[in-house]
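Trainee: Structure provided below as structure tokens; questions to follow.
Read-outs: derived from the displayed coordinates by stated rules, not from any lab. The structure presented is a predicted model; accordingly, all values stated were derived computationally and were not measured.
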Amino acid sequence: MQTAHSTRKGYQCDICNKKYSLKGILISHLKTHTGPQPSFGCPICGKMFSNKPNMKRHKLTHKLLKPYKCHSCDKTFVNTSERSTHVLHSHLKQPWPKKNRGPRVRASRS
């Protein structure tokens, strides 16, 4: 039986030739080359998401009930997290974090 501590790496990426000891880790690694494919669509507006929880959270933005009001302006939000993000970036002018996508790997041409 192969384990994560095994030194034998039997799963190789066809794009960059990195080797992994577990198939699941290779599958996760492959997403760094292709990116997750959105497969969950919002039934209201059609916006696509890579996972169901993100789509469900987005769906709440279509609700008419937005009970969380910004203390600095009249804008309202579905949840406190969205309100906090709004305050940080709109009123406190905190810059948006840069997305960390990791190093780009180019496929070698043989």
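Trainee: Across segment 43-83, how many lysine pairs, 8 or more positions apart or on different chains, have C-alpha atoms separated by under 22 Å? Please give the number.
Mentor: The number of close lysine pairs in segment 43-83 is 13.
Trainee: With a bin width of 5 angstrom, please list the P(r) values of segment 40-91 as percents of all Cα-Cα pairs, from the 0 bin to the one holding the largest distance.
Mentor: Going out from 0 Å in 5 Å bins, segment 40-91 shows 4, 21, 24, 18, 18, 11, 3 percent.
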